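What follows is calculated from the coordinates using simple rules that are stated; it is not laboratory data. The structure presented is a predicted model; accordingly, all values stated were derived computationally and were not measured. With ideal geometry, Cβ positions are generated from the backbone for all residues, glycine too; neighbour counts draw on all protein chains shown.
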Amino acid sequence: MVKRFQFIRKNRKRKNLTIEQLAEKADVSIDLVARLERGEREDVSISKLESILHALDLELGDVFKHSKLDKKSDEFVRKFLKLDAETREKYTDIFLSIIDLKNE
């Protein structure tokens with residue numbers, strides 16, 4: 001079970017939103033929000049995650065405040081999140097290609 005996104009529930013409740021209301025506000029499925037909150041899913045697109053976070057008045061960087069990363073990973077995430085959206089998307093494609101090559 002993945003606990004990375006369970007903080008979404010706490011923030012949703014803080015804003016007095018139901019799962020259904022948050023899903024509608026973020027324009028994502030109810031199932032996605034529910035599974036993220038329960039820690040049953042972590043394979044969410046950045047755009048959907050940003051929509052959920054925006055609906056909760058949070059930022060993408062807030063996800064990593066709730067995750068334990070080693071020092072190098074933490075530095076990478078901090079620098080990556082400072083990039084503009086277009087550059088982040090390009091780098092993401094590159095990194096995923098590299099990971100896919102390694103897994104072949």
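The relative contact order of the chain, computed from alpha carbon pairs under 8 Å that lie at least 6 residues apart in sequence, is 26 percent.
Between Gln6 and Lys71, full extension at 0.36 nm per residue minus the direct alpha carbon distance yields a gain of 21.2 nm. Here region 7-65 is assigned +1 on the Cβ of each Lys and Arg and -1 on the Cβ of each Asp and Glu. Its dipole about the Cα centre then comes out at about 340 debye.
Think of the chain as having a plus end and a minus end, set by charges on the Cβ of Lys, Arg, Asp and Glu; of Leu101, Ser45, Leu58, Leu58 sits farthest toward the positive end of this dipole.
Compute the Cα gyration tensor for the chain, then decide on rounded, prolate or oblate, letting a ≥ b ≥ c be the square roots of its eigenvalues: rounded whenever a/c is under 1.5, prolate when a/b is larger than b/c in the other cases, and oblate in all that remain. Prolate is the answer for the chain, as a/c is 1.5 or above and a/b outweighs b/c. Computed about its Cα centre, the charge dipole of the chain is approximately 680 debye, with only Lys, Arg, Asp and Glu carrying charge at their Cβ.
Nearest 500 deg cm²/dmol is fine: what mean residue ellipticity at 222 nm does the chain get from its DSSP H runs of n ≥ 4 alone, each adding -39,500 (n - 2.57), divided by its residue count? About -20000 deg cm²/dmol. Please tell me which of these pairs span more than 24 angstrom C-alpha to C-alpha: Lys15/Lys48; Lys25/Lys79; Lys48/Lys71; Lys25/Lys90? The pairs that break the limit, which is 24 Å between Cα atoms, are Lys25/Lys79; Lys48/Lys71; Lys25/Lys90.
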